[in-house]
Amino acid sequence: MSHFTTEFLPIMNGYNGKMESSSSLSWIVGFLLLTVALGCFLIYRSLLPKPIAGIPYNHDAANRLLGDVPEAMQHIKETEEMMTFLTTQIERHNTPIVQVFMRPGGKPWVILSDFRESQDILVRRTREFDRSDFFGDLFISVLPANQVHMRTNDTWRAHRRLMADTMSTAFLNKVAAQQIYGSALEIVGMWREKARLADGRPFQVYKDVFRGALDVIWAVTFGSEVGTTRNQRKYLSELKGIEVSTDVDAPVDLPMIQNPEAFEAIMTLGESCEIPMKSPFPRLHHAMALRFYPRYVSARKVVDRLLTDGLRSAWVKFTQQGASEGEVRSALDLMVEREVVMAKKAERKPAYDTQDIRDELLGFLFAGHETTSTTLTWGLKFITTKRDVQQKLRGVLQAEFQRAHVARVNPTVEEIVTADIPYLDAVIEEIHRCGGTASSNVRVATEDAVVLGHLIPKGTSVFMLCNGPGYKSRPIAIDESKRSKTSQENVRDNVSWDPNNANDFLPERWLVANEKGHLVFEPRAGPNQPFGAGPRGCFGRKLASLELKLLVILFVWSFDLQPTPPALSSFAGHDGMTHSPQQCFLRLKPLL
Ligand code: HEM
Ligand SMILES: *[C@@H]1O[C@H](CO)[C@@H](O)[C@H](O)[C@H]1NC(C)=O
Ligand SMILES: *[C@@H]1O[C@H](CO)[C@@H](O)[C@H](O)[C@H]1NC(C)=O
């Protein structure tokens with residue numbers, strides 16, 4: 001716009017003052033039109049994509065204001081997937097690095113598909129690369145004081161410290177595991193009812209997993225029960241039977257009851273994060289929606305009240321009632337308890353209800369919910385489809401938990417938490433790899449930086465894909481001298497999968513023999529970055545792993561996940577906040 005106003009103003013002044021004759025008037029009009037046309041042209045030119053020298057791109061796209069957007073839209077329309085659009089660009093140009101123009105008037109996105117360089121950027125090149133706005137934009141309007149969108153500075157460090165104890169072994173194994181276990185048994189109980197009613201027919205479980213995972217993370221965060229799954233289970237248990245088709249392959253639609261208000265409010269606020277994902281003006285659009293859409297306004301109120309009440313009663317518990325560390329039941333308890341202790345030491349008033357604490361707690365809930373439930377739904381699909389894996393896993397678990405197997409009961413939470421089961425770890429890691437809940441990790445260049453010999457200007461976002469070449473297909477060859485110095489030095493990252501089976505679900509790829517000849521789980525066996533990496537890698541990784549361990553064990557222990565009809569077994573994905581499956585049907589046969 002600046003071109004326009006500076007050139008336009010002097011002419012306006014001239015016209016108001018001295019111009020009289022019609023010939024000079026038409027001259028002025030002509031000049032004015034020319035200026036406007038020139039201005040428009042300059043604006044047009046300034047909005048056209050500006051490719052970074054040397055990095056391949058689509059030439060058609062570079063000549064359009066909308067860049068690659070139309071083609072991406074077409075791809076999303078056909079597939080519901082966005083990330084695979086980026087992967088197809090890597091494949092089209094057959095180079096490990098390409099650029100696409102997805103933000104009209106904005107900088108190109110650089111797409112990188114190479115494990116070694118990505119690992120190097122995430123782990124070692126942290127001075128040149130930091131958390132990108134693409135990721136931060138999703139959360140900043142709901143959680144202004146949460147670590148997720150901050151640059152890696154002292155404020156971020158303080159937030160990590162504030163939350164650190166929630167990932168301590170003591171909290172995870174004693175407090176979180178109990179809460180997860182209880183919620184998991186509710187899901188199992190509800191599915192028993194569903195299996196009874198469906199009578200051998202498949203049914204959709206996507207929402208069950210979604211709700212169940214919220215029960216889980218809710219219990220860990222607040223120490224209370226939101227009770228969504230319990231309510232459903234109770235309702236279903238009272239049904240004598242439902243009408244089902246004679247076709248045993250026809251999916252059964254099971255009735256459901258209304259979810260609790262608190263549950264709906266959390267879901268509504270969480271869903272609002274898809275607004276910035278899809279909008280060209282992410283922050284503004286999201287902030288306005290939260291402020292003015294009645295459903296978001298009322299959801300926010302419910303959630304705020306929840307946090308206020310929760311923090312207040314934890315404070316009462318740890319001050320007036322003199323509860324101690326042993327009575328910590330949740331992340332919220334933990335934070336208040338620590339604050340009470342620290343304030344006492346420093347002889348100040350405890351600040352237990354601060355914006356920082358509120359936004360970190362709510363972030364805990366959001367970050368831990370959709371990611372984990374999406375990963376679980378992929379897991380259920382793979383375990384269903386790969387019957388050999390399922391049978392082997394069940395056999396391994398029955399051998400590990402012999403007491404429970406003989407007694408025909410569930411293994412206890414203590415038994416599960418202390419068990420070391422390499423094959424289970426391998427199955428879960430393979431679920432992460434093949435499901436691809438987070439199909440890319442994004443960083444922004446905080447200064448001009450060189451990647452594979454190309455100068456990436458400061459402020460450019462780099463999307464590091466983990467769903468294509470180098471991860472799930474043959475890596476694209478890269479001249480060693482083009483790699484960064486630190487990448488060349490770290491030959492330990494020089495790992496790759498056999499291109500003949502890189503795209504297969506094969507847990508064994510994660511198992512290697514140790515000195516004694518025992519197969520152990522080797523997390524560095526090959527390329528995978530489900531939780532990102534480096535200082536800004538996933539904060540909740542340990543909790544997520546504990547949750548997946550407990551849930552996968554209890555599901556496989558309790559049910560035979562029988563084959564589902566092909567029409568209900570697609571592995572097509574949907575890219576919203578995460579990369580989730582379009583279909584998640586199970587045909588369950590209870591085992592206990
Ligand atoms: C299977 C489950 C999960 C997956 C796949 C996952 C994945 C990720 C990924 C890919 C990132 C970005 C990493 C990067 O940029 O390098 C991330 C960040 C984060 N995750 Fe997770 N996550 C999961 C579960 C959780 C849980 C349970 C919590 C918390 C309770 C959590 C909290 C966070 C937080 C706070 C961040 C931001 C960290 C920062 O900016 O410093 N996540 N996660
Ligand atoms: C850290 O970065 C965030 C923005 O990402 C900013 O709001 C905050 O003030 C910064 N803190 C410090 C200590 O620089
Ligand atoms: C990386 O691994 C491949 C395959 O094992 C090998 O051919 C190559 O020489 C290795 N490169 C470096 C720099 O170690």
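Quick check, is Lys589 buried (at least 19 other Cβ atoms within 10 Å of the Cβ) and among the basic types (Lys, Arg)? For Lys589, the condition - buried (at least 19 other Cβ atoms within 10 Å of the Cβ) and among the basic types (Lys, Arg) - is not met.
For the range 459-494, residues that are at negative phi, more than 16 Å from ligand 2 (Cβ to nearest atom) and either among the hydroxyl-bearing types (Ser, Thr, Tyr) or under 25 Å from the mean Cα position of the chain (by Cα) (or both) total 18.
Would you please name the residue that is nearest to ligand 2 (Cβ to nearest atom), looking only at residues in the range 495-538 that are surrounded by 12 or more Cβ atoms within 10 Å (Cβ to Cβ) and charged (D, E, K, R)? The extreme case among them is Arg536. Here the helices (runs of 4 or more DSSP H) wholly within the range 1-98 that include at least 3 residues being modelled with pLDDT under 90 and aromatic (Phe, Trp, Tyr) are 2-17, 22-47. Restricting the first member to the range 134-162 and to residues that are over 14 Å from Asp359 (Cα atoms) and at pLDDT below 95, and the second to residues that are of a type in the set (Ser, Thr, Tyr) and away from ligand 3 (no atom under 16 Å from the Cβ), the beta-carbon pairs closer than 7 Å and six or more apart or on different chains are Phe134/Ser461. Just name the residue that is nearest to ligand 1 (Cβ to nearest atom) out of those in the range 354-371 that are assigned to a helix (DSSP H, G or I) and over 16 Å from the mean Cα position of the chain (by Cα). Ranking the candidates gives Glu360 first. With respect to being within 23 Å of Val417 (Cα to Cα) and more than 23 Å from the chain's Cα centre (by Cα), Ala213 falls outside the description. Of all residues in the range 478-502, those that are of a type outside the set (Asp, Glu) have Cβ atoms under 8 Å from Cβ atoms of residues that are surrounded by fewer than 12 Cβ atoms within 10 Å (Cβ to Cβ) and part of a loop (DSSP other than H, G, I, E, B), 6 or more apart or on another chain, in Arg492/Arg524; Val495/Arg524. For the condition more than 16 Å from ligand 3 (Cβ to nearest atom), without any contact (Cβ under 8 Å) to a residue 60 or more places away in the chain and under 25 Å from the mean Cα position of the chain (by Cα), Lys516 does not qualify. In the range 43-71, which residues are exposed (fewer than 12 other Cβ atoms within 10 Å of the Cβ) and free of Cβ contacts under 8 Å to residues at least 40 places away in the same chain? Residues satisfying the conditions are Tyr44, Arg45, His59, Asp60, Asn63. Hey, could you check the range 147-182 for residues that are among the charged types (D, E, K, R) and more than 13 Å from ligand 1 (Cβ to nearest atom) and say which is farthest from Thr229 (Cα to Cα)? Checked the range 147-182; the qualifying residue farthest from Thr229 (Cα to Cα) is Asp154.
Residue-wise test of (1) within 16 Å of ligand 3 (Cβ to nearest atom); (2) over 22 Å from Ser373 (Cα atoms); (3) surrounded by 19 or more Cβ atoms within 10 Å (Cβ to Cβ).
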{"position": "Asp154", "(1), (2), (3)": "no, yes, no"}
{"position": "Thr166", "(1), (2), (3)": "no, no, yes"}
{"position": "Tyr181", "(1), (2), (3)": "no, no, yes"}
{"position": "Gln204", "(1), (2), (3)": "no, no, no"}
{"position": "Val216", "(1), (2), (3)": "no, no, yes"}
{"position": "Ala219", "(1), (2), (3)": "no, no, yes"}
{"position": "Glu225", "(1), (2), (3)": "no, no, no"}
{"position": "Tyr235", "(1), (2), (3)": "no, yes, no"}
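Ala351 fulfils the conditions (1) assigned to a helix (DSSP H, G or I); (2) out of contact with any Lys or Arg (no Cβ under 9 Å at 6 or more places or on another chain) except for a single criterion, (1). I'm checking my understanding of the structure. Among residues of the range 361-378 that are of a type in the set (Gly, Ala, Ser) and either within 16 Å of ligand 3 (Cβ to nearest atom) or in contact with a Leu (Cβ under 7 Å, 6 or more places away or on another chain) (or both), which one is nearest to Arg433 (Cα to Cα)? Top of the filtered list is Gly368. Looking across Ala343, Ala314, one residue alone is on the phi < 0 side of the Ramachandran plot, over 21 Å from the mean Cα position of the chain (by Cα) and crowded, with 22+ Cβ neighbours inside 10 Å. It is Ala314. Looking across Leu290, Leu307, Leu311, one residue alone is away from ligand 3 (no atom under 16 Å from the Cβ), in contact with a Phe, Trp or Tyr (Cβ under 6 Å, 6 or more places away or on another chain), without any contact (Cβ under 8 Å) to a residue 60 or more places away in the chain and not small (Gly, Ala, Ser). It is Leu311. Residue count for the range 514-528 under the criterion of being touching a strand residue (DSSP E or B) at 6+ places or on another chain (Cβ under 6 Å) and assigned to a loop (DSSP other than H, G, I, E, B): the result is 2. For the range 405-420, residues that are in contact with a helix residue (DSSP H, G or I) (Cβ under 8 Å, 6 or more places away or on another chain), closer than 17 Å to Leu185 by Cα and free of Cβ contacts under 8 Å to residues at least 60 places away in the same chain total 3.
Sub-6 Å Cβ pairs linking a first residue in the range 333-350 that is touching a residue at least 40 places away in the same chain (Cβ under 8 Å) to a second residue that is of a type in the set (Asp, Glu) and surrounded by fewer than 18 Cβ atoms within 10 Å (Cβ to Cβ), at least 6 apart or interchain, are Leu334/Asp165, ordered by first then second residue.
The values are calculated or read from the model by the stated rules, or taken from the named source; none is laboratory data. Everything quoted here is computed from the prediction, not taken from an experiment. Don't worry about glycine lacking a Cβ; one is built from the backbone with ideal geometry, like all the others, and counts go over all protein chains shown.
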